[in-house]
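Worksheet: the structure to be examined is printed underneath.
The values are calculated or read from the model by the stated rules, or taken from the named source; none is laboratory data. Since we're looking at a predicted model, the values are computed, not measured. Cβ coordinates were reconstructed from backbone atoms using ideal geometry, including for glycine residues, and neighbour counts include every protein chain displayed. For accessibility, only protein heavy atoms count, side chains too; no ligands or nucleic acids. Shrake-Rupley method; radii C 1.70, N 1.55, O 1.52, S 1.80 Å.
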Amino acid sequence: MKWAALIAWVLTAGGGFVLLSIWLARGGMRQGSGGGSRIRPPLVLSHFLLAATGLVIWIVYLAKDKDVLAWIAFAILAVVALLGWTMFAIWLRRRQARAATAGTVGPDTPAEQGFPVPIVALHGLLAVTTVVLVFLTAVGVGGS
């Protein structure tokens with residue numbers, strides 16, 4: 001199970017990297033100022049850095065087989081998931097508002113509105129899978 005968690009985590013990170021690349025290419029770092037509902041740089045960067053940190057700790061856990069590392073990785077992953085849900089809520093709310101106005105895109109359209117829906121859905125599904133697999137591993141399901 002711990003190896004399945006690693007695979008799920010790496011695949012999730014791949015989808016997240018695609019989304020981060022799109023966000024950066026569309027000027028997401030310039031969204032720190034200005035009004036409106038948009039995903040701000042500190043939220044994105046915190047999500048990314050914590051997820052990467054958790055992944056590194058998970059890899060160390062796999063190498064050392066120390067249960068405390070699995071729990072630390074899970075705790076970090078829980079924070080990453082909370083940040084991810086926050087970003088998803090902002091993205092979805094803005095997307096629904098844009099759909100209500102016939103999908104107009106202008107210079108004030110947030111960078112994250114360029115995210116392809118299938119990638120967002122896959123990233124979210126893989127993220128939930130990762131959280132479940134890491135938790136199950138931490139509690140000892142599936143052996144060590």
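Whenever a residue of the range 103-129 is more than 18 Å from Ala81 (Cβ to Cβ) and exposed (fewer than 11 other Cβ atoms within 10 Å of the Cβ), its partners that are modelled with pLDDT under 80 and not hydroxyl-bearing (Ser, Thr, Tyr), lying with C-beta atoms within less than 8 angstrom and at least six residues away or across chains, give the pairs Thr104/Arg98; Val105/Arg98; Asp108/Gly34; Asp108/Gly36. Answer yes or no as to whether Ala89 is without any contact (Cβ under 8 Å) to a residue 12 or more places away in the chain and within 15 Å of Val120 (Cβ to Cβ). Here the answer is yes, as Ala89 does meet what is asked. For the range 58-75, the candidate set comprises residues that are surrounded by 18 or more Cβ atoms within 10 Å (Cβ to Cβ) and either of a type outside the set (Gly, Ala, Ser) or in contact with an Asp or Glu (Cβ under 8 Å, 6 or more places away or on another chain) (or both); within that set, the residue that is nearest to Val132 (Cα to Cα) is Phe74. Of the residues Ala25, Ala81, the single one that is on the phi < 0 side of the Ramachandran plot and more than 14 Å from the chain's Cα centre (by Cα) is Ala25.
Just one of Ala73, Ala51 is in a helix (DSSP H, G or I) and under 10 Å from the mean Cα position of the chain (by Cα); which is it? Among Ala73, Ala51, only Ala51 is in a helix (DSSP H, G or I) and under 10 Å from the mean Cα position of the chain (by Cα). Taking the listed residues Val10, Val18, Val44, the one that is open to solvent by 70 Å² or more (accessible area, probe 1.4 Å) and assigned to a helix (DSSP H, G or I) is Val10, with no other qualifying.
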